[in-house]
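Asks: The structure's right below; bear with me while I get my questions together.
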Amino acid sequence: MQIEKIIVRRMKMRMKTPFTTSFGTMIDKHFLLLEAIDELGNRGWGESVAFDAPWYTEETVDTNFHIIKDFLVPILFNCHIEHPDDVSERFSPIRRNNMAKAAVEGAIWDAYAKRNRTTLAEALGGKRKRIEVGISIGIQGSLSDLISIVQKYIDEGYKRIKVKIKPDADIEVLKQLRKAFPDVPLMADANSSYSLADAEKLKQLDSLDLLMIEQPLAHDDIIDHAKLQKMIQTPICLDESITSLEDARKAIEIGSAGVINIKIGRVGGLTEAKKIHDICFEHGIPVWCGGMLEAGVGRAHNIALTTLPNFILPGDTAGSSRYWDQDIIQPEVVVEDGYISVPTAFGIGYEPNIEMVEKFTTGIWQFNRNDFIS
Ligand code: OSB
Ligand code: MG
């Protein structure tokens, strides 16, 4: 398989409702959309999940553009690829920049699946025909707003509710939520806003029967999470801290996490995501697929990954309509009764809606292999 052309689009989409975390509020989603075209004309699509500011990890839309244009595209045009698994190997001389790598690799996975007339899910080894979905809810202005939003999503069928917490809006909010919804599968995501000094406070979560607490401590920590896990009963789920198979191995070895959230972008692509899935499976650590407020292409990749057997907890990949007035794929991602049906068309299984893609494009760059071969 030879990649002949890469098209990179800079996109801007207004979110249906702003999304607030412990770091701030996102109103517009900026991201890169990639197309990789092989020598037979198969077109694969990938989406970079980096945000416009580096609060979640160090990457941004613009750092991704720089790394893709100046490093990843030249590598890609000067190598041969038998299988998408080769891509991460070719990119390994470039340190980190995982979301940039994942966007390129994702487009190649899609092109590869189309080339082999199979679905991306099958190409990855996934078997599930439908996946269970949960929802992640940003920090709200008031408790009553939060309760009515949770009720709305429960009514829509979502199987698990995740709420964002921060040090001045945490235990009391969760207590009230648990009181209002005694039986709902509930969890909280702190996005790294605590330290080990908050252990006593976090211990109070144990009476609330939460499925897990996601990333309470530093974005790059593994050690303190292991200490915290010995002090609290609520299972710790790592998100930001796991950027590779090696991170997952170490976290499992020292007991930092009972659960791992796998995000394709954070770990550098589907190949690495699969490896993390596999090591967790071997050690009895359940995983679920995290979300980055993706548009349709990124959402489609998440759905395909979630068909692997150890994705036994509902993920954050909700339906298109939770985020967008109109998504950039057709059909859109639809949640019915708390499930998304895995598409059966080849590749990512959804067609880009070119009219919408063009509507939200703010810049476009094309790279041809002929201009790069050395
Ligand atoms: O930590 O999982 C996170 C959104 C932006 C950045 C980080 C996170 C999130 C979410 C939302 O929780 C997931 C989604 O709905 O895509
Ligand atoms: Mg998280």
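The values are calculated or read from the model by the stated rules, or taken from the named source; none is laboratory data. Note that the coordinates shown come from a computational prediction; the quantities given were computed from them, not determined experimentally. Cβ: placed from backbone, ideal geometry, glycine included. Neighbour counts: every protein chain shown. These area figures cover heavy atoms from the full protein model, side chains too; ligands, DNA and RNA do not enter into them. Shrake-Rupley method; radii C 1.70, N 1.55, O 1.52, S 1.80 Å.
Asks: For region 251-347, what is the relative contact order in percent, using Cα pairs closer than 8 Å and at least 6 residues apart in sequence?
Replies: Numbers: 114 pairs, mean separation 22.5, N = 97.
Averaging sequence separation for qualifying contacts and normalising by length gives 23 percent for region 251-347.
Asks: Roughly speaking, to the nearest percent, how much of the chain's 1.4 Å accessible area is carbon and sulfur? Could you put the intermediate results ahead of the total?
Replies: Numbers: 7490 of 14980 Å².
Ligands and nucleic acids excluded, carbon and sulfur reach 50 percent.
Asks: Averaged over all directions, how much area does the convex hull of the C-alpha atoms of region 28-128 cover when projected, in nm²?
Replies: Working: hull surface 29.1 nm².
Averaged projected area of region 28-128's Cα convex hull equals 7.3 nm².
Asks: Also, quick follow-up: Please report the spacing between the Cα centers of region 78-115 and region 3-29 in Å, no decimals.
Replies: Distance between centres, Cα-based: 22 Å.
Asks: Hey, what did the chain get for relative contact order, percent, Cα under 8 Å, at least 6 apart?
Replies: On the way: 823 pairs, mean separation 84.0, N = 374.
Averaging sequence separation for qualifying contacts and normalising by length gives 22 percent for the chain.
Asks: Counting C-alpha atoms alone, how compact is the chain: give Rg to one decimal and Dmax as a whole number, in angstrom.
Replies: Rg then Dmax for the chain, in Å: 19.9, 65.
Asks: Related question: Give the Debye-formula value of log10 I(q)/I(0) at each listed q (0.11, 0.14, 0.17 Å⁻¹), with one equal scatterer per alpha carbon of region 146-300, two decimals each.
Replies: -0.43, -0.70, -1.02
Asks: How big is the antiparallel share of DSSP beta bridges in the chain, given as a percent to the nearest 5? Each step should come with its number before you reach the end.
Replies: On the way: 33 of 52 bridges.
Counting only bridges with both partners in the chain, antiparallel ones make up about 65 percent.
Asks: Go through region 64-80 residue by residue and turn each phi into a ³J(HN,Hα) via Karplus (6.51, -1.76, 1.60, θ = phi - 60°); whole Hz please, and just put x for glycine and proline.
Replies: With the stated coefficients, region 64-80 comes to 4, 4, 4, 5, 5, 5, 8, 10, 6, 4, x, 5, 4, 6, 10, 9, 9 Hz.
Asks: To continue, here is another question. What is the helix-to-structure angle for 143-155, meaning the angle in degrees between its Cα long axis and the longest Cα principal axis of the chain, kept from 0 to 90 and rounded to the nearest 10?
Replies: Taking the Cα atoms of the chain, the angle to 143-155 is about 60 degrees.
Asks: Okay, next question. Could you pull out every residue, at least 5 positions away or on a different chain, whose amide H is within less than 5 Å of the one on Val342? Hs are placed 1.01 Å off N in the peptide plane, and Pro or chain starts have none.
Replies: Residues meeting the criterion, in which the H sits 1.01 Å from N, are Arg130, Ile131.
Asks: Further question: Can you give the Rg to Rh ratio of region 223-374, both from alpha-carbon atoms, with Rh computed by the Kirkwood formula? Please report the intermediate quantities before stating the final value.
Replies: Numbers: Rg = 18.1 Å, Rh = 17.2 Å.
Across region 223-374, the Cα-based Rg/Rh ratio is 1.05.
Asks: Which angle between 0 and 90 degrees, to the nearest 10, do you get for helix 296-305 versus the longest principal axis of the chain when only C-alpha atoms count?
Replies: 80
Asks: Report ³J(HN,Hα) in whole Hz for each residue of region 100-112, in order, from the Karplus equation J = 6.51 cos²θ - 1.76 cosθ + 1.60 where θ = phi - 60°; Gly and Pro get x.
Replies: Listing the rounded values in order: 5, 4, 5, 5, 5, 4, x, 5, 6, 4, 5, 4, 5 Hz.
Asks: Please work out, to two decimal places, the log10 of the ratio I(q)/I(0) at q = 0.14, 0.32 Å⁻¹ from a Debye calculation in which every Cα of region 197-245 carries one identical scatterer.
Replies: Evaluating at q = 0.14, 0.32 Å⁻¹ gives log10 I(q)/I(0) of -0.32, -1.35.
Asks: Expressed as an acute angle from 0 to 90° and rounded to the nearest 10, what is the orientation of the C-alpha long axis of helix 171-180 relative to the principal long axis of the chain?
Replies: 90
Asks: Once you put a point 7 Å from the Cα of Ala345 and another 7 Å from the Cα of His283, both along the Cβ direction, what distance in nm separates them?
Replies: 3.9
Asks: Convex hull volume of the Cα atoms in region 225-302, per residue, in Å³? Don't skip to the end; give the middle numbers.
Replies: Details: hull volume 6.5 nm³, N = 78.
That works out to 83 Å³ per residue.
Asks: Relative contact order of region 165-215, please, whole-number percent, based on alpha carbon pairs below 8 angstrom and at least 6 residues apart. Could the numbers behind the result be given before it?
Replies: Values: 40 pairs, mean separation 25.0, N = 51.
Relative contact order of region 165-215: 49 percent.
Asks: Run the Debye formula on the Cα coordinates of region 103-208, all scatterers equal and no solvent, and tell me log10 I(q)/I(0) at q = 0.12, 0.15, 0.17, 0.18 1/Å.
Replies: Reported log10 I(q)/I(0), two decimals: -0.60, -0.75, -0.83, -0.87.
Asks: Do any of Lys175/Lys230; Lys12/Lys359; Lys175/Lys263; Lys5/Lys114; Lys101/Lys359 go past 19 Å between their Cα atoms, and which?
Replies: Values: Lys175/Lys230 23 Å; Lys12/Lys359 9 Å; Lys175/Lys263 29 Å; Lys5/Lys114 16 Å; Lys101/Lys359 26 Å.
In this structure, Lys175/Lys230; Lys175/Lys263; Lys101/Lys359 exceed 19 Å between Cα atoms.
Asks: Suppose all protein chains stay in the model; what accessible area per residue would a 1.4 Å probe give for the chain, in Å²?
Replies: Numbers: 14980 Å² over 374 residues.
Counting only protein heavy atoms, the per-residue value for the chain is 40 Å².
Asks: Run lengths n ≥ 4 of DSSP H only: what is the helix-derived mean residue ellipticity at 222 nm for the chain, with -39500 (n - 2.57) per run over all residues, to the nearest 500? Could you put the intermediate results ahead of the total?
Replies: Details: 14 runs with 122 residues, N = 374.
That comes out to -9000 deg cm²/dmol.
Asks: Mean-square fluctuation check for the chain, GNM, Cα pairs under 10 Å: which of Glu39, Glu351, Glu332 is largest?
Replies: It is Glu39.
Asks: Quick one: what are the phi-derived ³J(HN,Hα) couplings along region 198-210, Karplus 6.51/-1.76/1.60 with θ = phi - 60°, whole Hz, x for glycine and proline?
Replies: 8, 4, 4, 5, 5, 4, 5, 5, 4, 7, 9, 6, 7
Asks: May I ask you to list the trypsin sites (Lys or Arg not before Pro) in region 46-103 that are in a DSSP loop and have at most 10 other Cβ atoms within 10 Å of their Cβ?
Replies: Numbers: sites: Lys69, Arg90, Arg95, Arg96, Lys101; in loops: Arg95, Arg96.
Answer in residue order: Arg95.
Asks: Okay, moving on. Around Gly315, which amide H atoms from residues at least 5 apart in sequence, or from another chain, sit under 5 Å from its own amide H, with H modelled in the peptide plane?
Replies: Residues meeting the amide H criterion: Gly134, Cys289.
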